[in-house]
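One structure coming up, written as structure tokens, with questions to follow.
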Amino acid sequence: MSLYHPVKIGSLSLDGNLFLAPVAGYSDRAFRSICAECGADFAYTEMVSSEALTRNNEKTELLMARAPNEKAYAVQIFGGNPETMANAARIVLEKTTAECIDINGGCPVPKIIKSNAGSALTRDPEHLFKIVSAVVRAVDGRVPVTVKFRLGWDAEHITWKECAEAAIKAGAAAITMHGRTRAQGYEGKSDWAALAELVKFVGEKTSRSGQKIPVFGSGDAFTPEDAKRMLEETGVDAVMFARGAMGNPFLFTKTRELLTKGTITEIPVEKRIQAGFRELNLLVQDHGELSACREARKRFCAYSKGLEGGAALRKEIVSAESVGDYKKIFSEKISQFF
């Protein structure tokens, strides 16, 4: 089979295996739309609080909004209470057209862990089982439920096997693993050897419907070459890009080209900046100009990486408060764009 290939998650069929991860504060519909445009086959929303959903928090609806050009997407929810997670899953299905619900079992942020969610679930696979079971029952086969977790809590508590067993037993249709522990955060190296072991472990099992359960890999996929190597070395069914895609949605374009043609075509600076402005326009639609432009500061800082004089550009970007400010900043650098 080609390294680039279709993926099936329960009843959901995807054209390819290059995914955008659920990145907190980043993978909103504006960024997901640009990634879809650049070749992402599937994307996840940033994590949505089950507590906020069940309390009718208005902000959660925007977090879950579908990008206009997404063929399919997943809403990721987090929480430590099985009943609340089940109710949240029902609300997701009522308020969105998402084709999949993902459960966050990997976030290492202390405030998430305190609620017995995120990486806290790696310490208690039995509780993970209860949460996944509750969500699977709640969706009642309408969409597949998937789970993302880490290696374990720390080096002394590596629990990925127990977590995978619990998730599959509870009815998960796919598993994603980030190859770091909670203690590592985003430091050190992602353990791709463990990813390969997970693929073998899950490969012996099937879902309740008798289907193969795909495994997706996350961690240290920053370049097309990284993605190719992850697929070759671990056997994962799909690669999930996270930090590597920030300011670089063309990572999907170039990775697909590498996997299908063996070549990589560099993307002109102008195209990168144009993508940034398309993302900004979508942000303005959702948040209004001032909020959008403040949010876009970190994004344009990421888009400007590698540009000649990028450091000077970033000094201006961090003060931008209008679309006009951004146009002025970049027109001085890339006049032909305007």
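The values are calculated or read from the model by the stated rules, or taken from the named source; none is laboratory data. From a predicted model like this one, the values you see are computed outputs, not experimental measurements. All Cβ positions, glycine included, derive from the backbone under ideal geometry; neighbour counts span all protein chains shown. SASA here: full protein model, heavy atoms, side chains in, ligands and nucleic acids out. Shrake-Rupley method; radii C 1.70, N 1.55, O 1.52, S 1.80 Å.
Can you name the residue in the range 85-95 that is touching a residue at least 24 places away in the same chain (Cβ under 8 Å) and either surrounded by fewer than 20 Cβ atoms within 10 Å (Cβ to Cβ) or within 13 Å of the chain's Cα centre (by Cα) (or both) and, of all such residues, is farthest from residue 7 (Cα to Cα)?
Residue satisfying both the conditions and the ranking: 87.
If a residue has to be in a helix (DSSP H, G or I) and buried (at least 19 other Cβ atoms within 10 Å of the Cβ) to count, how many in the range 150-191 make the cut?
Selection size over the range 150-191: 7.
Kindly indicate which of 184, 211 is modelled with pLDDT under 95 and within 22 Å of the chain's Cα centre (by Cα).
The match here is 184.
So the check is Cβ under 9 Å with 6+ separation or different chains; which pairs have a first residue in the range 18-33 that's more than 12 Å from residue 76 (Cα to Cα) and modelled with pLDDT under 95 and a second one that's open to solvent by less than 10 Å² (accessible area, probe 1.4 Å) and not small (Gly, Ala, Ser)?
26/299
Could you check how many residues of the range 45-54 are aliphatic (A, V, I, L, M), part of a helix (DSSP H, G or I) and buried (at least 23 other Cβ atoms within 10 Å of the Cβ)?
Number satisfying all stated conditions: 1.
Just checking, does the range 119-140 include any residue being part of a loop (DSSP other than H, G, I, E, B) and under 21 Å from residue 242 (Cβ atoms)?
no
Does residue 119 fit the bill of being open to solvent by 20 Å² or more (accessible area, probe 1.4 Å), farther than 27 Å from residue 211 by Cα and of a type in the set (Ser, Thr, Tyr)?
When the stated conditions are applied, residue 119 does not pass them.
Six or more apart or on different chains, Cβ under 9 Å: which pairs go from a residue in the range 50-65 that's in contact (Cβ under 8 Å) with a residue 40 or more places away in the chain and over 20 Å from residue 116 (Cα atoms) to one that's open to solvent by less than 90 Å² (accessible area, probe 1.4 Å) and outside any loop (DSSP other than H, G, I, E, B)? Could you list them?
What qualifies is 62/29; 62/286; 62/287; 65/29; 65/286.
Among the residues of the range 122-134, are any in contact with a Pro (Cβ under 7 Å, 6 or more places away or on another chain) and open to solvent by less than 20 Å² (accessible area, probe 1.4 Å)?
yes
Need at least 2 residues that are open to solvent by 80 Å² or more (accessible area, probe 1.4 Å), on the phi < 0 side of the Ramachandran plot and of a type in the set (Ser, Thr, Tyr) per element, so show me which helices (runs of 4 or more DSSP H) inside the range 220-338 make the cut, counting only ones lying wholly within it.
none
Are any residues in the range 227-265 closer than 14 Å to residue 195 by Cα and either touching a residue at least 60 places away in the same chain (Cβ under 8 Å) or of a type in the set (D, E, K, R) (or both), and if so, which ones?
Answer for the range 227-265, where residues must be closer than 14 Å to residue 195 by Cα and either touching a residue at least 60 places away in the same chain (Cβ under 8 Å) or of a type in the set (D, E, K, R) (or both): 227, 229, 231, 232, 233, 237, 238, 239, 240.
Residue check, residue 133 against (1) in contact with a strand residue (DSSP E or B) (Cβ under 7 Å, 6 or more places away or on another chain); (2) of a type in the set (Ser, Thr, Tyr); (3) farther than 15 Å from residue 216 by Cβ, all met but one. Which one?
It fails just one condition, (1).
Take the range 192-213 and flag every residue that is open to solvent by less than 50 Å² (accessible area, probe 1.4 Å), of a type outside the set (A, V, I, L, M) and in contact with a Ser or Thr (Cβ under 9 Å, 6 or more places away or on another chain).
192
Taking the range 55-72 on its own, how many of its residues are surrounded by fewer than 14 Cβ atoms within 10 Å (Cβ to Cβ) and part of a helix (DSSP H, G or I)?
The qualifying residues number 3.
Moving to a separate point now. For the range 35-44, enumerate the residues that are touching a residue at least 40 places away in the same chain (Cβ under 8 Å) and buried (at least 23 other Cβ atoms within 10 Å of the Cβ).
Within the range 35-44, 35, 40, 42, 44 meet the criteria.
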